[in-house]
Every structure is written in C-alpha cells, then in structure tokens.
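Working notes for the structure below.
The values are calculated or read from the model by the stated rules, or taken from the named source; none is laboratory data. Note that this is a predicted model, so its numbers are computed, not measured. Methodologically, a virtual Cβ is constructed for each residue, glycine included, from the backbone with ideal geometry; neighbour enumeration extends over all protein chains shown. With ligands, DNA and RNA removed, areas are computed over all heavy atoms of the protein, side chains included. Shrake-Rupley method; radii C 1.70, N 1.55, O 1.52, S 1.80 Å.
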Amino acid sequence: MLRRRPRRPTRRRKSKRPAVDISITDLSKHYGKGQGRTRVLRDISLSIRSGEFVSIVGTSGSGKTTLLNIMGGLDRNYEGAVRLDEHRLEELSDKELSRLRNRKFGFVFQQFNLLDHLTAGENISLPSYFGAKPDSTAPGADERARELLQKVGLGDKTAERPPQLSGGQKQRVAIARALFHQPRIIFCDEPTGSLDRKTGLQIMKIFQDLNREEQMTLVVVTHEEHIARMASRIIRLEDGVLVADEANEPVQPDELGVLSIGNEGTL
Ligand SMILES: Nc1ncnc2c1ncn2[C@@H]1O[C@H](COP(=O)(O)OP(=O)(O)OP(=O)(O)O)[C@@H](O)[C@H]1O
Ligand SMILES: [Mg+2]
C-alpha cells in the first residue's frame with residue numbers, strides 16, 4: 001500500500017500589494033532662464049505612504065499642479081529627488097518612466113480628457129490598445145470596462161459617448177479609466193473644478209470609498225478648502241513653499257449639506 005506523504009501546508013501567497021512610498025527630498029523647480037528665471041517650488045520634502053488620502057491645497061499659482069506632475073512622473077525637469085519604492089525617478093530613462101507611470105499611476109484631470117468619438121466603455125479600455133494591434137483590445141478589456149462603469153454607478157452608460165454625459169458622469173468615466181490598470185496611486189488635479197458643488201462632493205465620495213474600501217492611495221490637488229477637508233491629510237502650498245502638512249479628520253459629504261449623494265455604484 002502506498003503511503004501518502006503528509007501534506008505540506010500550502011504556502012499562502014501574499015495578496016497585499018507592496019507599499020507605495022513616494023518620497024520627495026529637497027525638490028525645487030524653476031521656469032524660464034536668465035533674468036526671467038523664477039522658482040515655483042522651493043525645497044519641498046514629503047513622503048506619501050500606501051493607502052493615504054492626501055489633498056494638496058493652495059491658491060492659484062502656488063505650485064500644486066507643478067508638484068503633482070513631478071510626483072506623477074509627468075515632468076522631469078526639477079532639482080531634488082523623487083522616489084517611488086526603490087526607484088529614483090531621475091535615474092529612469094524616459095521609456096522606463098513611462099512604463100512605471102502607465103503601470104502604477106492613474107490620473108484624473110479637471111477637464112476629464114475623454115475622447116468624444118469613443119463610447120464610455122471604449123474610453124476606459126483604451127489603455128489596453130497600447131501595444132496591441134489596431135482595433136483590438138486586450139482579452140477581457142470590454143468586460144473590465146463594464147465592471148468599472150458599474151463600480152462608479154454608470155453601469156447603464158457603457159455605450160454612451162461623452163457628449164451625451166453630464167460633467168459628473170464624465171468624471172466618473174475618467175475615474176473608471178484611471179482604475180483600468182489597477183494603479184497603486186491615483187493623482188487628481190482639480191477633479192471637481194468643472195463641477196457644481198454637489199456633483200463635486202459626489203466625486204469626492206467615490207475617492208473616499210476607494211480609499212477606505214480598497215486602500216487606494218490618492219493625491220488630490222484642489223484650491224477649494226471643503227474639498228481638501230475630505231482627505232485624511234492636508235498639505236498646504238504657498239508660493240511654492242510647503243507651509244503645512246497635517247492629519248485631518250475627513251469630512252463626509254452629508255456633513256457638507258449633501259444628504260443624498262445619489263451614487264448607485266457598488267463603491
Ligand atoms: N509652463 C510654464 N512656464 C512658465 N511658468 C509656469 C508654467 N507653468 C506654470 N508656471 C508658473 O508656475 C507657478 C505655479 O503654477 P501651477 O500651475 O503649478 O499652479 P497651481 O497651484 O496649480 O495653480 P492653479 O490653482 O491656478 O491651477 C505659477 O506662477 C505659474 O505661472
Ligand atoms: Mg493647477
């Protein structure tokens with residue numbers, strides 16, 4: 001009779017994602033040359049841990065977009081060090097940086113940046129076209145786009161094109177698109193800037209839920225104090241200088257007078 005070997009305990013694969021740890025050291029940025037050279041960011045040091053929900057707030061021209069673009073690897077023209085995990089962004093080639101950006105970062109902008117001639121679903125699955133044959137998305141891409149639309153409460157809008165959608169709905173599509181590649185961090189530049197107050201709060205509620213339920217790391221730039229207060233950490237910029245970096249008890253949309261947020265998504 002064959003003796004059965006005692007079963008080895010199955011090794012559990014770690015399902016936890018590795019910690020995103022963006023760290024910025026002595027970051028400065030100038031625009032222009034010679035007499036016209038002006039410093040727009042000055043000696044900024046900060047780090048963002050995995051699962052944080054950070055807002056960056058400041059008046060117009062204080063350097064918020066400039067800082068976000070540098071953190072997100074969209075702008076490499078600066079002095080100082082920016083690290084993501086073990087990578088120093090300055091040491092990567094353009095190609096390596098864009099690979100890292102496409103895999104690990106999602107972006108949401110004020111103007112949604114959707115393509116009007118594509119459906120909501122196609123706008124979301126668009127990233128899977130890159131590197132693939134024309135007219136073919138990666139297997140499962142359409143299904144994933146549908147799931148993501150469901151998640152942001154737009155399950156019935158897969159076939160609509162952006163001109164048929166409201167501003168809030170467009171921003172939800174843009175959020176679904178940012179989630180497509182399962183990024184570890186989402187950078188948002190004035191995501192509520194084109195929306196009315198209530199719709200803006202609904203969008204922020206999606207971010208709060210993504211952060212709470214999926215530990216998504218979020219960095220949201222805004223000039224609006226009530227939007228900044230929905231994050232759990234607030235960084236303040238004044239004239240390119242980091243003047244405050246504090247933990248915050250996140251405000252809920254209903255505390256701001258929006259009782260029904262009208263989000264039918266699964267988040
Ligand atoms: N391409 C550029 N060339 C020269 N100066 C620039 C350029 N982009 C931004 N600046 C300057 O850098 C400073 C910071 O700009 P930035 O766009 O980061 O500000 P912001 O805080 O995002 O402002 P806003 O709230 O209006 O979006 C401003 O003084 C701006 O005029
Ligand atoms: Mg800006």
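Quick look at the numbers
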| read-out | value |
| --- | --- |
| Count of residues meeting criterion [within 9 Å of ligand 1 (Cβ to nearest atom), open to solvent by 10 Å² or more (accessible area, probe 1.4 Å) and within 14 Å of Ser28 (Cβ to Cβ)] in region 64-88 | 1 |
| Selection status of Arg172, more than 19 Å from Thr59 (Cβ to Cβ) and more than 16 Å from ligand 1 (Cβ to nearest atom) | yes |
| Residue that is farthest from ligand 1 (Cβ to nearest atom) [pool: residues in region 203-240 that are among the polar types (S, T, N, Q) and surrounded by 23 or more Cβ atoms within 10 Å (Cβ to Cβ)] | Thr217 |
| Which numbered condition Tyr31 fails, given (1) at pLDDT 90 or above; (2) more than 24 Å from the chain's Cα centre (by Cα); (3) away from ligand 2 (no atom under 16 Å from the Cβ) | (3) |
| Meets criteria (acidic (Asp, Glu), exposed (fewer than 13 other Cβ atoms within 10 Å of the Cβ) and out of contact with any Asp or Glu (no Cβ under 6 Å at 6 or more places or on another chain)) for Glu91 | yes |
| Unmet requirement for Thr158, which otherwise passes all of (1) under 29 Å from Ser23 (Cβ atoms); (2) open to solvent by 20 Å² or more (accessible area, probe 1.4 Å) | (1) |
| Checking Pro183 against (1) open to solvent by 30 Å² or more (accessible area, probe 1.4 Å); (2) in contact with a helix residue (DSSP H, G or I) (Cβ under 9 Å, 6 or more places away or on another chain), the condition it does not meet | (1) |
